[in-house]
Protein chains: 2
Amino acid sequence: MKFNHVALIGLGLIASSIGLALKKRFNDIKITGYSRTKATRDEARKVGFCEVFDDYEGCLKHADLIILCVPVGAMSETIKRVIPFLSVSAVVSDVGSVKESVILDVEKNLPKNIFFVPAHPLAGTENSGPSSGFATLFENRWCILTPSGTVPDKIIKKVRFFWENLGSNVVEMDAKHHDLVLSVTSHAPHLIAFTMVGVADEFSKVTKSEVINYSAAGFRDFTRLAASDPVMWRDVFLNNKDAALEILGRFTEELFILQKAIRKEDGEYLLNYFERTRKIRRSIIDAGQDTAEVNFGRKH
Amino acid sequence: MKFNHVALIGLGLIASSIGLALKKRFNDIKITGYSRTKATRDEARKVGFCEVFDDYEGCLKHADLIILCVPVGAMSETIKRVIPFLSVSAVVSDVGSVKESVILDVEKNLPKNIFFVPAHPLAGTENSGPSSGFATLFENRWCILTPSGTVPDKIIKKVRFFWENLGSNVVEMDAKHHDLVLSVTSHAPHLIAFTMVGVADEFSKVTKSEVINYSAAGFRDFTRLAASDPVMWRDVFLNNKDAALEILGRFTEELFILQKAIRKEDGEYLLNYFERTRKIRRSIIDAGQDTAEVNFGRKH
């Protein structure tokens with residue numbers, strides 16, 4: 001059931017964390033990696049989570065699990081470069097935040113005997129690059145698999161087992177449904193955070209230090225999301241356009257209703273709304289998806 | 001320079017934290033408190049941060065600093081009830097998140113010899129009520145004073161000293177300017193968080209557990225803000241209507257531009273925007289306004 005040689009294509013936070021987690025848990029697995037960027041390869045060599053190659057051929061030779069850890073927009077180009085060097089029994093996976101477009105980009109190019117098991121580990125931080133990886137990133141975090149109907153159960157099970165071995169809770173989901181759920185829980189919140197931070201930045205041309213100094217009143221929570229990898233997020237929105245625009249459309253409608261309630265001084269509407277949203281945090285804490293400590297346990 | 005008897009009107013998180021901080025730092029200060037709600041008074045008695053009264057008269061007798069710790073919308077009514085029992089040399093202050101409307105509500109009612117020094121400690125958590133207070137809440141946090149031109153320097157200095165003694169960094173600011181800055185750093189982010197959580201809640205009628213389970217992908221940060229005290233926030237928006245609507249208007253404009261960029265697949269615009277917002281978090285961490293630890297130091 002185990003893979004013997006994992007090849008990581010793209011060496012950012014997620015690839016680095018996979019490598020470090022594998023090294024921590026297994027001493028008999030071969031891990032190779034490739035990045036097209038010299039600075040990233042040098043950084044990855046320093047972190048030491050895999051054997052770093054400057055070429056696809058060296059990295060992919062005999063690999064039985066290939067994980068595409070590149071931004072979603074680079075999947076199509078990357079899989080074309082990977083295919084010539086794939087072993088006969090290789091399994092291809094990825095870690096992209098969008099699944100339907102990635103399946104379209106990857107699956108159509110693959111030879112018939114090689115299967116693609118798309119994966120999305122719901123893990124990451126506001127930092128990026130090989131140095132920001134750590135071995136425990138996936139522990140007790142969800143990993144969503146969205147294989148198409150053509151992938152044999154046996155192959156899906158191997159990938160499921162792989163992620164479970166890194167400490168994740170694995171679930172399977174339809175790719176389109178994944179993209180909708182994630183646009184609610186992740187893509188829309190990120191775009192909204194980027195937007196609010198952009199507005200504050202513009203405003204801060206007048207009162208720069210004030211926005212920074214008084215950010216603890218709420219704004220700083222947005223800045224954490226808005227500090228995430230820009231390339232990754234550009235690609236998410238370009239590749240999950242319809243679902244993102246749908247949720248953002250719903251958000252805008254709702255925001256207009258609340259703005260109108262403020263304008264009309266409808267205190268009862270506002271109060272009911274705020275009481276409803278307060279309960280949701282309780283559900284998230286009860287589901288073990290966040291800490292109950294105030295301010296996330298921050299000291300100030 | 002010190003106050004001898006502090007009376008807390010309203011016994012929520014902030015009042016409780018003031019009482020606990022005073023008790024921790026001084027053993028010669030008298031602290032009394034009043035709440036119109038029996039359950040709150042009972043809870044406050046259990047926490048033990050002040051001598052709790054069921055009536056204004058008992059609470060206010062001989063008090064030389066009265067701090068209004070009620071929601072912004074209750075200030076007008078509260079000050080009318082407080083005035084008959086004020087000592088001749090009493091100083092009145094508050095802790096409201098909006099300052100211009102509070103000055104209007106409070107100052108016009110005060111007798112000539114009694115001065116109002118409005119204060120806004122930028123501190124709090126997503127929890128509310130007397131039991132959620134703690135003695136270190138104000139340490140290394142900003143407290144903004146917004147006295148009108150009629151208040152003597154000597155009185156302002158006493159209130160400044162009071163907050164510095166609780167560990168805060170005190171600044172003075174024009175009330176109108178305070179309300180605009182805070183609508184960027186606090187009021188708009190909170191309304192946006194309430195809105196997004198409301199949208200997700202509605203969406204979750206279809207896939208409830210999924211939105212909760214996969215909230216760690218970004219959404220959970222919004223739920224913390226959207227868990228704040230509903231009455232307090234209703235009053236903030238009703239009393240800082242113009243500034244809140246102005247910033248929300250700017251936010252909506254900007255969100256439409258980003259939505260259009262997604263619709264038109266303008267990757268360059270998105271990337272530039274996201275790169276700009278990323279830098280702002282660095283400034284906030286450099287200014288000591290947030291932790292540099294990933295995920296705010298959360299363990300998962």
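Key figures for this structure:
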| item | result |
| --- | --- |
| Whole-number percent relative contact order across segment A:5-173, with pairs defined as alpha carbons under 8 Å at least 6 apart | 24 |
| Simple spin-label estimate for B:K30 and A:K23 in nanometres, 7 Å along Cα-Cβ | 6.7 |
| Pseudo-label separations to other copies for B:T252 - Cα-to-Cβ vector, 7 Å, nm | 1.1 |
| Cβ-vector label at 7 Å, A:E265, separations to other copies in nm | 5.0 |
| Unit charges on C-beta of K, R, D, E only; dipole of chain B, Debye | 540 |
| Value of [θ]222 nm, deg cm²/dmol, for chain A, DSSP H segments ≥ 4, -39500 (n - 2.57) each, nearest 500 | -16000 deg cm²/dmol |
| Isotropic mean projected area of the C-alpha convex hull, segment A:177-265 (nm²) | 7.0 |
| Extension gain from A:R276 to A:E172, taking 0.36 nm per residue of separation minus the Cα-Cα distance | 34.4 nm |
| Rounded to whole Hz, the Karplus (6.51, -1.76, 1.60) HN-Hα couplings of segment A:169-181, x for glycine and proline | 9, 9, 10, 9, 8, 5, 4, 5, 5, 3, 5, 6, 4 |
| Equivalent ellipsoid semi-axes - Cα gyration tensor, segment A:98-173, angstrom | 24, 15, 11 |
| 13 Å beta-carbon shell around B:N169, net charge (K/R +1, D/E -1) | -1 |
| Relative contact order (percent, whole number), segment B:177-291, Cα cutoff 8 Å, 6+ residue spacing | 30 |
| Gain upon complete extension [B:T37, B:E293; 0.36 nm per residue less C-alpha separation] | 88.1 nm |
| Cα-based Rg of chain A normalised by 2.2 N^0.38 Å, two decimals | 1.10 |
| Candidates per trypsin sites (Lys or Arg not before Pro) in segment A:128-196, loop by DSSP, up to 11 other Cβ within 10 Å | none |
| Karplus-derived HN-Hα couplings along segment A:67-82 (A = 6.51, B = -1.76, C = 1.60, θ = phi - 60°), whole Hz, x at Gly and Pro | 10, 7, 10, 9, x, 3, x, 9, 4, 4, 5, 5, 5, 5, 6, 7 |
| A:N4 paired with B:N4, simple spin-label distance in nm, labels 7 Å along Cα-to-beta-carbon | 8.7 |
| Label distances, nm, A:R36 versus same residue in remaining copies, Cβ-directed 7 Å point | 6.6 |
| Greater than 18 Å apart at Cα, pairs in A:K61/A:K157; A:K112/A:K176; B:K23/B:K46 | A:K61/A:K157; A:K112/A:K176 |
| Average Cα contact separation per residue, chain B, under 8 Å, 6 or more apart, as relative contact order % | 16 |
| As computed over segment B:88-225, the Cα convex hull volume per residue (Å³) | 145 |
| Lys, Arg +1 and Asp, Glu -1 on Cβ, resulting dipole of the protein assembly as shown about Cα centre, debye, nearest 20 | 1040 |
| Cβ-based charge dipole, the protein assembly as shown, positive-most Cα from B:S76, B:L270, A:N140 | A:N140 |
| Loop trypsin sites (Lys or Arg not before Pro), segment A:1-80 (other Cβ atoms within 10 Å of the site Cβ: 12 or fewer; DSSP) | A:K2 |
| Computed label-point distance, nm, for sites A:N127 and A:N113 using a 7 Å Cα→Cβ extension | 4.3 |
| Centre separation in Å (Cα based) which lies between segment B:233-300 and segment B:31-88 | 38 |
| Fraction of alpha-carbon pairs over 30 Å apart in segment A:5-173 - percent | 6 |
| For A:N169, residues with placed amide H under 5 Å, excluding near neighbours | A:N140, A:R141, A:W142, A:C143 |
| Residues with amide H under 5 Å from that of B:G12, placed H, sequence gap 5 or more | none |
| Nonlocal amide H pairs with A:F115, under 5 Å, H built at 1.01 Å | A:V92 |
| Fraction of alpha-carbon pairs over 21 Å apart in segment A:15-94 - percent | 24 |
| Farthest positive-ward along chain A dipole, Cα basis, beta-carbon charges - from A:F3, A:A261, A:P111 | A:F3 |
| Using distinct alpha-carbon pairs, which all enter the 1/r mean, Kirkwood radius of the protein assembly as shown in Å | 25.8 |
| Residue of A:A261, A:A90, A:A63 that the Gaussian network model of chain A assigns the largest fluctuation, springs spanning Cα pairs under 10 Å | A:A261 |
| Sites B:D286 and B:E246 - FRET efficiency at Förster radius 30 Å, r taken between beta-carbons, to 0.05 | 0.60 |
| DSSP bridge orientation in segment B:5-173 - percent antiparallel, rounded to nearest 5 | 10 |
| HN-Hα J in Hz across segment A:274-289 - Karplus 6.51, -1.76, 1.60, θ = phi - 60°, x for Gly and Pro | 5, 5, 5, 5, 4, 5, 5, 4, 4, 4, 5, 5, 4, 7, x, 9 |
| Nearest-20 debye value, segment A:1-130 charge dipole, Cβ charges on Lys, Arg, Asp, Glu | 260 |
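No lab work stands behind these numbers, since they all come straight from the coordinates. All figures in this text were calculated on a predicted structure; none of them were measured in a lab. All Cβ positions, glycine included, derive from the backbone under ideal geometry; neighbour counts span all protein chains shown.
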